[in-house]
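Read through the structure below, which is laid out as structure tokens, and then see the notes.
Nothing in this text is a laboratory measurement; each read-out follows from the coordinates by a stated rule. Treat the numbers as computed from the prediction; the structure is a model and nothing was measured. Positions of Cβ are backbone-derived with ideal geometry, glycine not excepted, and every protein chain shown enters the neighbour counts.
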Amino acid sequence: METYQKIFEFAARYPSADNNQPFEINLISSGRFQIEHLPQRALHSLNIESYVSDIVLGCLKSYLEASAFRYGQRAHFAHFYPCSNNKVVSEFSLSSGMDMERGLSELISGLEQRYTERRPFQLKRTPPIGFEDRMKLETSLFEGNLTWKFRAEGFSTLLPSLEAAERAFWSSDNLFYELLHWIRASDREAQATQDGLPISTIGIPVHSQVFLKILKRAPKIYSMIKSLGLIAEQVRALKSAITSASMLGVAYVPPTVPFESRMAVGESFTRIWLWLSAQGWSLQPISFATQVPTLSKICDLPSDLRRFQSILNRAIADFDALFDPPKGWLPLWAFRAGPIDDLRPLPRTPRRPLLKTAG
């Protein structure tokens with residue numbers, strides 16, 4: 001059992017939307033476990049039909065595989081189920097032996113680096129040696145469910161439509177409140193860090209419960225915050241995110257965005273993240289810019305976002321022009337990356353234990 005606990009301690013670092021950590025693992029019997037989805041941790045209008053949770057489930061799967069590999073174990077997964085209508089989304093077992101076919105050995109040092117610290121990246125324009133081959137491997141492992149595209153230049157063509165989408169999003173009082181409430185509603189541990197916080201503080205501790213209660217009772221306060229420069233700060237942060245990156249990667253999926261593709265995006269994205277970490281690179285997701293425009297084509301978006309359909313369509317067209325995906329395929333997830341900046345380590349973000357304790 002001690003080995004299992006170590007595996008789950010490493011796997012608990014799996015990335016999730018704004019660090020909401022929507023999964024727990026239950027022990028069924030010796031070496032057999034269930035993955036349980038906790039929707040109360042991801043109740044937000046942008047988690048449309050739990051599509052984001054499905055992506056995060058893929059992230060957790062890759063972390064479990066890599067963590068098991070580190071301790072000489074192999075994770076065997078049963079069928080996976082969508083998070084939208086299932087509490088138990090998968091079962092798996094751990095046994096001695098290592099999966100050498102999925103390139104896990106190259107991820108271990110990245111797993112360990114992600115476990116000990118977080119680091120931003122510095123500006124550099126040359127992708128690491130072997131990156132293109134790694135992207136081809138990831139596409140081949142999930143062939144038919146996704147394809148990865150990446151560029152090391154030309155990002156500026158995306159800025160006009162992304163900036164328009166960013167301004168439109170932060171102009172919505174309702175979505176602003178929902179996003180803050182989703183991230184900071186009642187979790188004291190989450191409030192201890194600003195990781196995942198959707199805005200810079202601009203002098204106001206917007207991540208606190210007190211602020212959320214005040215905002216709920218007096219929503220006009222948001223207008224005051226906007227007047228202090230919230231939207232301008234967000235647009236500035238977006239521009240920095242695009243222009244400071246050494247490269248930009250985008251996962252494209254079939255037009256119906258099936259469950260298997262959502263899972264594959266999370267799995268493959270996490271494996272690329274760990275591989276880049278092992279090469280001394282840092283990666284940061286840019287999910288909103290790609291996720292919402294794509295889901296707007298197949299899901300019933302909140303009315304606040306539906307008003308911006310033309311802006312979202314323009315964002316998709318700009319991504320297509322830059323990355324040249326298979327015809328009809330849609331962008332679902334993106335990341336920016338660059339070499340690690342050794343001068344500015346960041347504190348680790350808090351994590352809940354993955355393994356559910358008795359009682």
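Separation of region 46-86 from region 278-334 is 22 Å, based on Cα centroids.
Between Ser171 and Lys297, the contour length at 0.36 nm per residue exceeds the Cα-Cα span by 43.2 nm.
Cross-link pairs exceeding 20 Å between alpha carbons, from the set Lys6/Lys356; Lys87/Lys356; Lys87/Lys297; Lys6/Lys61; Lys61/Lys297; Lys239/Lys327: Lys87/Lys297; Lys61/Lys297; Lys239/Lys327.
Taking the fewest neighbouring Cβ atoms within 10 Å as the starting point, the ordered list for Tyr115, Tyr51 is Tyr115, Tyr51. Taking label points 7 Å from Cα along the Cα-to-Cβ direction, Ser30 and Lys220 give a separation of 6.8 nm.
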